[in-house]
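Trainee: One structure is given below, represented as structure tokens, and several questions about it will come after.
The values are calculated or read from the model by the stated rules, or taken from the named source; none is laboratory data. This one's a predicted model, so the numbers in the text were calculated from it and none came from an experiment. A quick note on method: Cβ atoms are made from the backbone with ideal geometry, for glycine too, and the neighbour counts reach across all protein chains shown. These accessible areas exclude ligands, DNA and RNA; they are computed on the full protein's heavy atoms, side chains included. Shrake-Rupley method; radii C 1.70, N 1.55, O 1.52, S 1.80 Å.
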Amino acid sequence: MKVGYDAATHVFRLDGADISYVLGVNEKGELQNLYWGKRLDAQDPFAAAKSPGGGSGFDPAVNLTPTEFVGWGAGLYAVPNLKVTFPDGNRDLVLHYLSHEIQGDTLRVTLKDIGRDVRVELLYEMNAETGVLARSAKIENHTKLPLTIEEAFAATWNLPSSNDYQLRYLTGRWAAEWKLQEEALHTGKVVLESRRGSTGDEVNPWFAIERGAQPDQDTGDVWFGALGWSGSWQINVEQNAANQVRVTGGFTPFDFAYLLKPEQSLETPKFYGGYSNSGIGGASRLLHRFELGSIVPGGMHRKLRPILYNSWEATGFDVNEAGQETLAEKAASIGVERFVMDDGWFGQRKDDHAGLGDWYVNQQKFPHGLKPLIDKVHSLGMDFGLWVEPEMVNPNSDLYKAHPDWTLNFPGRPRTEGRSQLMLNLARPDVRAYVYGFLDKLLTENDIAFLKWDYNRNWSEPGWSAVPIEQQKEVYVEYVRNLYSILAELRSKHPNVEIESCSGGGARVDLGIMRLTDEVWPSDNTDPFDRLRIQDGFSYAYAPGVMMAWVTDSPNWMNNRSTSLDYRFLSSMQGSLGIGANLSKWSAEDFSTAKKLVAQYKLLRPTIQDGALYRLISPEEGSEFSVTESLSTDGKQAAVFAFLHSSQLGDGDPRIFPRGLEPATKYSIHALVGSLDSRMPERASGEYWMHRGIDVSLRGDFQAMLFTLEREGAK
Ligand code: DGJ
């Protein structure tokens, strides 16, 4: 049994990897956190939990108790995990321990209100490999009458009292996602939230809290967490005046209501949490391992990401059989493994004003259907992928004309469009059936290996008039559940099909969608320099192994910046490599450069996609340089990417200090792109490379280099 329980003290203990998590039931029956942090000795003692008592008449005891899950009642002022209204008007809910169950790495603790039969089953699942804990709650109504849930948060993470915490989170907007924010915590509350109906790119549902005023990449205590939910969400980071810090996350209470009838239950999303004492770098490496090993489909047995070509930046909506076949031939010649046709192939889709919802092949563009193109792609040794945006409809479409009631809307009110499209209400069973039906048909009738699943707007007028008024706000939950169930059903019926989560870039990346998709698109911004910052931010929460990155044209469409093909490749090679350039414009030299770099990427792919990421020099805050290192899981190879933005005032290159090498083992160094300083030895100890450091030779603007360190004797 991996979960320990001491009946004498009523203390539970979960250990996983380098982490221990300890909780107990206090004398009042409240479930309270006792410890979350570095793994402790199995014999280390924990006394029974004890309520701290009230601070004064102004601070009832429940506010000072590090509760694991607390109802709104008994004078609680902190964010409650659960707030309900009973039909008699009572809104007081006080949850105490009722029972528990232990199975392997999983602990279930059931709480019950002190008077009414409302129960909450708390689930704790410890991941043995990383110590990341998954927590969620199932709220059950065993009373005779329906009740309304007004707030439902999955879990609360309690940190040790301290007034020396730094909070990090990720913010952004379209084409500028994944900006790392850092701020000191002090008394009050920081609310991270999406009210958009989906994950959103304004804030991502991830946080990290580091103890100490000067956060460091590889040392120090860091607690982190992420929500597995692709709908509206909220994470509250609260510090009370006694310097107690709680992080509570789940459905956002904004516009939320869920009617729980007798014997019904509501499950919250999972809220994952972890701890590292190797700084924020250690925290993200741990989270990456957890995601790749336990979240993405296939886990440890998942396939590495193939090198794909995508047509979007080359042909836009103007796709047709001959044009796509020409691109496919060119893509195959440089070693691309998957050819993806993006938007434009269906309905009357000439631009973004029409066609969404009409998922039949456009006859003018593909008179013989998709088969000739798919056959051609296969004959070139690649598999075939296709773009879809299943949750949307253009008012200018057959689908909308037939079913105007299928969209989210409030009857008689205007319907706000985004990119000339409306949202289908996936919570409706008929819409769910339509969306699953057309996707299943598409995958059954065509040999498709990959879907790029796009989602290009946020919600508005989220009405669901087909159900009783008191249930209409459940749309926020039921929509996402149906989205997940469609993805799950498609995956099980078409097990070889892989899926990318794209939302006009990175607006739907979270641990919920990642359970059902194989990769994500982090941003529509494909400028290779902007991407360094975007990819750096992304990597705090998500693994490079799922992060698609395309090499596109120069000058870039977004900012007209010109960069060399080497630079563009190296920027994209930090993640899962794709090509999105218009290959019809490439010179023979471009093709030979691309062929060489694609071949190199294939050799480095396991190291980059599966390995441990070290941020050696961050591109944040206008840094002239940016350097990352990917270290293979077996430690045999490190791939180092170094970028110079623009030389200023004749400053020299900074010395690069790789990390994670074995000090006493010899490594040889190999420049694959660009050059090392001529005085660098060809081989030296890990100690030498990590402490003496590596000098490179980068001069000019937008320069990039790639070198590897290979452990000797390793093959
Ligand atoms: C937004 C995506 O992020 C792009 O890559 C592209 O697929 C377009 N949508 C197509 O409309």
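Trainee: Across region 324-345, which residue is farthest from Val388 (Cα to Cα) among those that are in a helix (DSSP H, G or I) and open to solvent by less than 30 Å² (accessible area, probe 1.4 Å)?
Mentor: Ala332
Trainee: Ok, one more. Of the residues Thr268, Thr248, Thr199, only one is over 24 Å from Asn63 (Cα atoms), under 22 Å from the mean Cα position of the chain (by Cα) and surrounded by 20 or more Cβ atoms within 10 Å (Cβ to Cβ); which?
Mentor: Selected residue: Thr199, the only one of Thr268, Thr248, Thr199 that is over 24 Å from Asn63 (Cα atoms), under 22 Å from the mean Cα position of the chain (by Cα) and surrounded by 20 or more Cβ atoms within 10 Å (Cβ to Cβ).
Trainee: Now a separate question. Suppose the filter is modelled with pLDDT of 95 or more, surrounded by fewer than 17 Cβ atoms within 10 Å (Cβ to Cβ) and closer than 26 Å to Lys179 by Cα; does Phe641 pass it?
Mentor: Spelling it out, it is not the case that Phe641 is modelled with pLDDT of 95 or more, surrounded by fewer than 17 Cβ atoms within 10 Å (Cβ to Cβ) and closer than 26 Å to Lys179 by Cα.
Trainee: Does Val11 satisfy the condition of being touching a Lys or Arg at 6+ places or on another chain (Cβ under 6 Å), open to solvent by less than 20 Å² (accessible area, probe 1.4 Å), in the same structural domain as Ser99 (by TED's automatic domain parsing) and not hydroxyl-bearing (Ser, Thr, Tyr)?
Mentor: no
Trainee: Which one of Asn446, Asn396 is surrounded by fewer than 22 Cβ atoms within 10 Å (Cβ to Cβ) and within 16 Å of the ligand (Cβ to nearest atom)?
Mentor: Of the residues listed, the single one that is surrounded by fewer than 22 Cβ atoms within 10 Å (Cβ to Cβ) and within 16 Å of the ligand (Cβ to nearest atom) is Asn396.
Trainee: Working carefully through the options Tyr436, Tyr455, find the one that is more than 17 Å from Ser503 (Cα to Cα) and among the hydroxyl-bearing types (Ser, Thr, Tyr).
Mentor: After ruling out the rest, the residue left standing is Tyr436.
Trainee: Which count do you get for residues in region 128-145 that are in contact with a Gly (Cβ under 9 Å, 6 or more places away or on another chain) and either free of Cβ contacts under 8 Å to residues at least 24 places away in the same chain or open to solvent by less than 30 Å² (accessible area, probe 1.4 Å) (or both)?
Mentor: 8
Trainee: For residues in region 482-514 being in a helix (DSSP H, G or I) and open to solvent by 10 Å² or more (accessible area, probe 1.4 Å), which is nearest to Lys303 (Cα to Cα)? Can you show your working first?
Mentor: The first filter runs over region 482-514 and keeps only residues in a helix (DSSP H, G or I), leaving 482-493, 513-514.
Then keep just the ones that are open to solvent by 10 Å² or more (accessible area, probe 1.4 Å); that gives 482, 484-485, 488-489, 491-493.
Working: Asn482: 26, Tyr484: 21, Ser485: 23, Ala488: 18, Glu489: 20, Arg491: 15, Ser492: 17, Lys493: 19 Å.
Per the criteria, the residue is Arg491.
Trainee: Is it the case that Asn409 is closer than 25 Å to Asp351 by Cα, of a type in the set (S, T, N, Q) and open to solvent by less than 40 Å² (accessible area, probe 1.4 Å)? Break it down into steps so the answer makes sense when it comes.
Mentor: Numbers: closer than 25 Å to Asp351 by Cα: yes; of a type in the set (S, T, N, Q): yes; open to solvent by less than 40 Å² (accessible area, probe 1.4 Å): yes.
So Asn409 fits the description; yes.
Trainee: Let me ask you something else. Show the residue pairs that are 6+ apart or on different chains and have beta-carbon atoms under 6 Å apart, the first residue being within region 294-309 and outside the structural domain of Gly131 (by TED's automatic domain parsing) and outside any loop (DSSP other than H, G, I, E, B), the second being modelled with pLDDT of 95 or more and of a type in the set (A, V, I, L, M).
Mentor: Ile295/Leu511; Ile295/Met514; Leu308/Val340; Tyr309/Ala331; Tyr309/Val336; Tyr309/Ile579
Trainee: Which residue is nearest to Phe625 (Cα to Cα), if the candidates are limited to region 515-534 and must be open to solvent by 10 Å² or more (accessible area, probe 1.4 Å) and under 14 Å from the mean Cα position of the chain (by Cα)?
Mentor: Here the residue is Asp518.
Trainee: Here's another thing I want to ask about it. Could you list all residues from region 185-201 that are of a type in the set (Val, Ile, Thr) and under 18 Å from Ala226 (Cβ atoms)?
Mentor: Val190, Val191, Thr199, listed by residue number.
Trainee: Of the residues Ser592, Ser562, Ser623, which is on the phi < 0 side of the Ramachandran plot, over 26 Å from the mean Cα position of the chain (by Cα), assigned to a loop (DSSP other than H, G, I, E, B) and outside the structural domain of Gly172 (by TED's automatic domain parsing)? Full working, then the answer.
Mentor: Details: Ser592 fails: assigned to a loop (DSSP other than H, G, I, E, B); Ser623 fails: over 26 Å from the mean Cα position of the chain (by Cα).
Exactly one of Ser592, Ser562, Ser623 is on the phi < 0 side of the Ramachandran plot, over 26 Å from the mean Cα position of the chain (by Cα), assigned to a loop (DSSP other than H, G, I, E, B) and outside the structural domain of Gly172 (by TED's automatic domain parsing), namely Ser562.
Trainee: Sticking with this one: Limited to region 49-84, what total is found for residues that are in contact with a strand residue (DSSP E or B) (Cβ under 6 Å, 6 or more places away or on another chain) and loosely packed, with under 15 Cβ neighbours inside 10 Å?
Mentor: Going through region 49-84 one residue at a time, the tally reaches 0.
Trainee: Same structure again: Looking only at region 310-323, filter to residues that are in a helix (DSSP H, G or I) and aliphatic (A, V, I, L, M); which one of those is nearest to the ligand (Cβ to nearest atom)? Give the derivation first.
Mentor: So the first thing to find is which residues in region 310-323 are in a helix (DSSP H, G or I), and the list is 312-315, 321-323.
From what's left, aliphatic (A, V, I, L, M): 314, 322.
On the way: Ala314: 12, Ala322: 21 Å.
Per the stated criteria, the residue is Ala314.
Trainee: Could you list, in sequence order, the residues of region 235-267 that are within 13 Å of Glu193 (Cα to Cα) and of a type in the set (S, T, N, Q)?
Mentor: Hits for region 235-267 are Asn236, Thr248, Thr252.
Trainee: Further, regarding this structure: Taking Asp352, is it outside any helix (DSSP H, G or I), of a type in the set (D, E, K, R), in contact (Cβ under 8 Å) with a residue 60 or more places away in the chain and more than 16 Å from the ligand (Cβ to nearest atom)?
Mentor: The answer is no for Asp352.
Trainee: Restricting attention to region 346-381, which residues are in contact with a Lys or Arg (Cβ under 6 Å, 6 or more places away or on another chain) and either within 15 Å of Gly323 (Cβ to Cβ) or open to solvent by 10 Å² or more (accessible area, probe 1.4 Å) (or both)?
Mentor: Of everything in region 346-381, just one residue is in contact with a Lys or Arg (Cβ under 6 Å, 6 or more places away or on another chain) and either within 15 Å of Gly323 (Cβ to Cβ) or open to solvent by 10 Å² or more (accessible area, probe 1.4 Å) (or both), namely Asp352.
Trainee: Another question, then. Residue check, Pro414 against (1) open to solvent by less than 10 Å² (accessible area, probe 1.4 Å); (2) more than 16 Å from the ligand (Cβ to nearest atom), all met but one. Which one?
Mentor: (1)
Trainee: Turning to a different aspect of this structure: Check off (1) away from the ligand (no atom under 13 Å from the Cβ); (2) under 30 Å from Arg481 (Cα atoms) for Leu577 and give me the number that stays unchecked.
Mentor: Of the numbered conditions (1) away from the ligand (no atom under 13 Å from the Cβ); (2) under 30 Å from Arg481 (Cα atoms), the odd one out for Leu577 is (2).
Trainee: Still on this structure: What is the one condition in (1) more than 28 Å from the chain's Cα centre (by Cα); (2) modelled with pLDDT under 95 that Gly104 does not satisfy?
Mentor: Answer for Gly104: the failing condition is (1).
Trainee: Here's another thing I want to ask about it. Conditions: (1) closer than 24 Å to Val340 by Cβ; (2) surrounded by fewer than 19 Cβ atoms within 10 Å (Cβ to Cβ). Ala433 meets all but one. Number of the miss?
Mentor: (1)
Trainee: How many residues does region 460-481 hold that are out of contact with any Phe, Trp or Tyr (no Cβ under 9 Å at 6 or more places or on another chain) and in a helix (DSSP H, G or I)?
Mentor: Selection size over region 460-481: 3.
Trainee: State yes or no: is Val361 closer than 25 Å to Ser503 by Cα and under 31 Å from the mean Cα position of the chain (by Cα)?
Mentor: It is false that Val361 is closer than 25 Å to Ser503 by Cα and under 31 Å from the mean Cα position of the chain (by Cα).
Trainee: Another question, if that's okay. Checking the conditions here, which among Ser564, Ser587, Ser592, Ser576 is touching a Pro at 6+ places or on another chain (Cβ under 8 Å) and either under 20 Å from Lys330 (Cβ atoms) or open to solvent by less than 40 Å² (accessible area, probe 1.4 Å) (or both)?
Mentor: That would be Ser576, the only listed residue that is touching a Pro at 6+ places or on another chain (Cβ under 8 Å) and either under 20 Å from Lys330 (Cβ atoms) or open to solvent by less than 40 Å² (accessible area, probe 1.4 Å) (or both).
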